[in-house]
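Written below as structure tokens is the structure these notes are about.
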Amino acid sequence: MITGMTGFGAGEVTAGRVKGIVEIKSVNHRYLDIAFYLPVGFSSLEDKIQKIVAQHIKRGRVTVSVKITDRPQTSIALNQEAVKRYLDFARELGKKHHIKNDITVADIMRLPGVVEAKEVFVQPGDIWPVLEKSLQKAAAGLVIMRRREGKSLSADITDQLKRMLLQISSIKNRTASLLKEGRKKMTSEEFSSFQKSNDINEEIARLAHYIDEAKMLLKQDDGSGKKLDFIAQEMQRETNTIGSKVQDKEVAAAVIAIKSKIEKIREQSNNVE
């Protein structure tokens, strides 16, 4: 079964006091194009993440987002040695100049080097084993959604192909009627020329063949989108030839109907992986 290119998958990350969320989104694109939105310091993981995504997805514009939602709090350390030096200096200054020593704790804490605040950064290597599992889970969820889209696309394309076959049958019946009428009205020489110019057996056969090929592609699950688009282009070419050969209103109407369905198939093929 074909696979679509629109999907979403998510996973949670829990590694000790570190918590996060992984999200993978995808939309249609000609090739596999991956964009990363990672925490500071996590760019070294891009190659690993890309390999995981490529295991599950062959085509599409993919966005991988990793957000850290909870981490250890910023650590605050008091420099006892600096405090001692400041206090000793204050006492010496007060004693020497007969100044009242009214320094407070708040005053000390505002002095440079007394309080040191260190932001805790999450190291990618520390949480990678857990993050990898979450990425695999998110990618699997994405694939499930893309497969559901593929099922819908397959049903729609199959319906278009069935309608094309009805129009082809209508064209065959109409050309047979035209030949029958021409045989009655024309001379043998005129009819021979008319029959030759209106001969669309090859085009009808190739068009039916491409429909069969498209049906087979719908059963495959590996990169059918580009192939389906190519087949639709060939269908378009054969249909145009039929329209140019047979100058008849009924045939022209059927040709327009077929071309409309081919265009819909081409549009849908852009959503197939």
Search result, residues across segment 242-256 that are touching a residue at least 40 places away in the same chain (Cβ under 8 Å) and either among the small types (G, A, S) or open to solvent by 40 Å² or more (accessible area, probe 1.4 Å) (or both): K245, E250, A254
Unmet criterion (only one of (1) surrounded by 15 or more Cβ atoms within 10 Å (Cβ to Cβ); (2) charged (D, E, K, R); (3) farther than 18 Å from S260 by Cα) for E202: (1)
Scope segment 1-22; condition open to solvent by 50 Å² or more (accessible area, probe 1.4 Å) and in a strand (DSSP E or B); matching residues: F8, E12, T14, K19, I21
Condition broken by R147, with the remaining ones in (1) open to solvent by less than 100 Å² (accessible area, probe 1.4 Å); (2) within 26 Å of the chain's Cα centre (by Cα) satisfied: (1)
Residue among L228, L217, L207 that is in contact with a strand residue (DSSP E or B) (Cβ under 8 Å, 6 or more places away or on another chain) and open to solvent by less than 30 Å² (accessible area, probe 1.4 Å): L228
Which numbered condition R61 fails, given (1) open to solvent by 50 Å² or more (accessible area, probe 1.4 Å); (2) at pLDDT below 90; (3) out of contact with any Leu (no Cβ under 6 Å at 6 or more places or on another chain): (2)
Hey, A77 farther than 30 Å from R147 by Cβ, at pLDDT below 90 and open to solvent by less than 30 Å² (accessible area, probe 1.4 Å) or not: no
Cβ pairs under 9 Å, 6+ apart, first in segment 161-172 and open to solvent by 100 Å² or more (accessible area, probe 1.4 Å), second outside any helix (DSSP H, G or I) and among the β-branched types (V, I, T): K172/I200
Out of I52, I108, sole residue that is open to solvent by less than 70 Å² (accessible area, probe 1.4 Å), closer than 28 Å to V272 by Cβ and aliphatic (A, V, I, L, M): I52
Residue within segment 115-122 that is surrounded by 13 or more Cβ atoms within 10 Å (Cβ to Cβ), within 31 Å of the chain's Cα centre (by Cα), in contact (Cβ under 8 Å) with a residue 12 or more places away in the chain and assigned to a loop (DSSP other than H, G, I, E, B) present: yes
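Residue-by-condition table, conditions (1) more than 30 Å from Y31 (Cα to Cα); (2) open to solvent by less than 20 Å² (accessible area, probe 1.4 Å); (3) part of a helix (DSSP H, G or I):
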| site | (1), (2), (3) |
| --- | --- |
| R174 | yes, no, yes |
| L179 | yes, no, yes |
| E189 | yes, no, yes |
| I211 | no, yes, yes |
| E234 | no, no, yes |
| R266 | no, no, yes |
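The values are calculated or read from the model by the stated rules, or taken from the named source; none is laboratory data. Every value quoted in this text rests on a predicted model; they were computed, and no experiment measured them. Neighbour counts are summed over all protein chains in view; Cβ atoms, including those assigned to glycine, are modelled from backbone coordinates with ideal geometry. Ligands, DNA and RNA are excluded from the accessible area calculation, which covers all protein heavy atoms including side chains. Shrake-Rupley method; radii C 1.70, N 1.55, O 1.52, S 1.80 Å.
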